[in-house]
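Working notes for the structure below.
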Amino acid sequence: MSAGREKRLQEVLSHVSRETVDNLCGFEELFRKWSKAINLASPSTLDQLWERHIVDSAQLFDMAPNAENWLDLGSGGGFPGVVLAILLKERPGGRIDLVESNGKKAAFLRTAIGQFSAPGTVHAARIDAVWTKIRNPEIITARALASLSDLFVLAEPWLTTGATALFQKGRDYRREIEESRDAWTFDLLERASVVDKDSVVLQISNLRRTGLN
């Protein structure tokens, strides 16, 4: 295990055990192995996998320090879903649902969750197919999945009934916020990313339709 990797996580998280760091390093190795066979992330980012994907995902954990029930939409290669699942091993009662419609990626997610005995359930389905199956998540995450307006549609059943979103967005996030305000009202807190100065985590709650859509 690289001491630099552990130190970087300690800069981002209030607490992280050696076992968790080892598991995340193991997940990085598993990810690289599977990436040779299926496209799990942009090849251009693999040289910075720990920082660009694992640390970027881990920063969400302390943004909801008391949340036990999490939901990750469009989990893809496991960012942030598998990273959060591994971190949730340290939180009694913590668990996460991961939704991914691509069969090969869902198989990878199940392998990762199983290998690290992480408290997660993988749903190989479209997001709208699990609306009635996944109940009462406290936190919903999504990364590089869709525009903010589209994310609201996908997560509406949960965000309008008490859940809070932590959506990771890039440099165009202000435009996405403004474009969504015609159809939606919501409480918003912008959190700076620890990885990219041009990126943010949008903390969104109390989502409601405006009645204009």
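The values are calculated or read from the model by the stated rules, or taken from the named source; none is laboratory data. Just so you know, these numbers come straight off a predicted model, no measurement behind them. Neighbour counts run over all protein chains shown; Cβ positions are idealised from the backbone, glycine included. Each accessible area value is taken on the protein alone, full model and side chains, heavy atoms only, with ligands, DNA and RNA left out. Shrake-Rupley method; radii C 1.70, N 1.55, O 1.52, S 1.80 Å.
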_Among beta bridges that DSSP assigns inside the chain, antiparallel share in %, nearest 5_ = 40
_Accessible carbon and sulfur surface of the chain relative to its total accessible area, %, 1.4 Å_ = 46
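Evaluate the relative contact order of segment 1-154 (contact order divided by residue number), counting alpha-carbon pairs under 8 angstrom at least 6 apart; express in whole percent.
Once divided by the residue count of segment 1-154, the mean separation gives 23 percent.
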*Where the centre of each part is set by its Cα atoms, how far does segment 181-202 sit from segment 99-117, in angstrom?*
28
*Please give the per residue volume of the convex hull enclosing the alpha carbon atoms of segment 1-123, rounded to a whole number of Å³.*
94
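What number comes out for accessible area per residue over the chain if the probe is 1.4 Å? Units Å², please. Write down the numbers at each step before the final one.
On the way: 10090 Å² over 213 residues.
Each residue of the chain exposes 47 Å² on average to a 1.4 Å probe.
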*For the chain, what value does the Rg/Rh ratio take when both radii are computed over Cα atoms and Rh is the Kirkwood radius, given to two decimals?*
0.95
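From the alpha carbon gyration tensor of segment 32-89, can you work out the equivalent ellipsoid semi-axes (sqrt of 5 times each eigenvalue) and give them in Å, largest to smallest? Before the final figure, lay out the partial values.
Numbers: eigenvalues 104, 30, 14 Å².
The answer is 23, 12, 8 Å, longest axis first.
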*Please list Arg18, Arg91 in order of solvent-accessible area, largest first, computed with a 1.4 Å probe with all protein chains present.*
Arg18, Arg91
*Taking the Cα centre of segment 93-170 as origin, work out the dipole magnitude from +1 charges on Lys and Arg Cβ and -1 charges on Asp and Glu Cβ, in debye rounded to 20.*
260
